[in-house]
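Report on the following structure.
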Amino acid sequence: MSSIPNKAPGWFISARADTLAILIGGPLISVALLLAILHGPAFLIGALLFALFLDVPHVLHTHVRLLAEPLEYQRHKVRFWASLGLIGALCFGLYAFGAFAWLVAIWVYWQPYHVCKQHFGVAALYARKSGYRHSTTPIRTMVLAGFAAPLLYRISHGGFHFGDYQLFGQALPFANITIPTPPIGPIWAVLAYAVFAIVTLRFIVMQWREGLRGEALPRFVQVMLAVSLGLYNAAYLLVGDLYALILIGTSIHALQYHLVCASTVQAGLRRTSDQPVPAGLLGTGHRWVRQMGERPWIWFASLGMASLLVLSLEMPSVGLLPLIVVLHHFYLDGVIWKRP
């Protein structure tokens, strides 16, 4: 496996790649989506390209991560298949009983928590890579508050509604759906933003004090947290269209996930380079991932084709297949990245 490059110390890939993806690529995609909203059909074309080349591939990267290390797959095999079966049954059941709006609501409410956890997790990983010696709990508190406040604001100021999406003459499965929201008054959003302001100010002061001793978080992590929280709050406060809001809030998250998975998969392939390839379907999957790690074009082409397959089945499956894949990704993400 000598053809798999070693990552730069302190980074998932390298300083340039991480910075271009997270601090430049994510914000640029968000701005592009914001501008596309103003041009009607241009937004749906942009959303389709975003889903094809970035969003769905990052969801599928979870499965690549598992197949990269057969022992890791064996450890999570039961939970993998059981959760896939339960989520599939839930999706088909809610659709069969005419509760598709509630099914979409699971996606809408789970997504902020999923993204929030990753932003904290990635920040904590960078902190550990840089030798940061202090607790990362203040980061988690600030990120949680920064995601809860705009969510409560949107719930208490008009709720969530998908627009009338017509793509090539066909309405998307979740078009014109209004998401059920709890009866929360605006005062809760005010209180949530007050808490967010307090914990953020405390975090800034803490970083300033640690900086005087040369022990603060890397500037890259500080900027990443500021940009991520800023974009997420701007989306929830300023963007009325729910689909655009979700995509804008996912841009940095998806790029982060690609970096983390690419780095982890490559490390796993290096660790298992001398191990025998398992027999059967698992072995076939592992050989495919090994080829992906050795040849980047296979990596991109395989994720692209799998993404195209998922998206092509969205209309025939009335949106159920993509939802099953995404919700399964949400669940697995909370399983495979936990420390033993």
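The values are calculated or read from the model by the stated rules, or taken from the named source; none is laboratory data. Computed from a predicted structure; not experimentally measured. Ideal geometry is used to build each Cβ from the backbone, glycine not excepted, and the neighbour counts take in all protein chains shown. Areas reflect the complete protein model, heavy atoms only, side chains present, ligands, DNA and RNA absent. Shrake-Rupley method; radii C 1.70, N 1.55, O 1.52, S 1.80 Å.
Here are a few things to note about the model shown:
- ILE177 fulfils the conditions (1) open to solvent by 30 Å² or more (accessible area, probe 1.4 Å); (2) more than 30 Å from LEU225 (Cβ to Cβ) except for a single criterion, (1).
- Residue pairs whose Cβ atoms lie under 8 Å apart, separated by 6 or more positions or on different chains, with the first residue in region 157-175 and in contact (Cβ under 8 Å) with a residue 12 or more places away in the chain and under 15 Å from ALA105 (Cβ atoms) and the second open to solvent by 80 Å² or more (accessible area, probe 1.4 Å) and among the β-branched types (Val, Ile, Thr), are GLY159/THR178; PHE160/THR178; HIS161/THR178; PHE162/THR178.
- For region 198-215, a tally of residues being in contact (Cβ under 8 Å) with a residue 60 or more places away in the chain and either open to solvent by less than 40 Å² (accessible area, probe 1.4 Å) or part of a helix (DSSP H, G or I) (or both) returns 5.
- Residue in region 134-157 that is closer than 20 Å to LEU320 by Cα, at pLDDT 90 or above and not aliphatic (A, V, I, L, M) present: no
- Of all residues in region 220-243, those satisfying the criterion of being among the hydrophobic types (A, V, I, L, M, F, W, C) and under 27 Å from ALA175 (Cα atoms) are LEU231, ALA234, ALA235, LEU237, LEU238, VAL239, LEU242.
- Of the candidates GLY285, GLY268, GLY240, the single residue that is in a loop (DSSP other than H, G, I, E, B), modelled with pLDDT of 65 or more, more than 20 Å from the chain's Cα centre (by Cα) and of a type outside the set (S, T, N, Q) is GLY240.
- Leading residue by the ranking (least open to solvent (accessible area, probe 1.4 Å)) among those in region 114-143 that are touching a residue at least 40 places away in the same chain (Cβ under 8 Å) and outside any helix (DSSP H, G or I): TYR132
- Selection within region 144-172 - among the charged types (D, E, K, R) and open to solvent by 50 Å² or more (accessible area, probe 1.4 Å): ASP164
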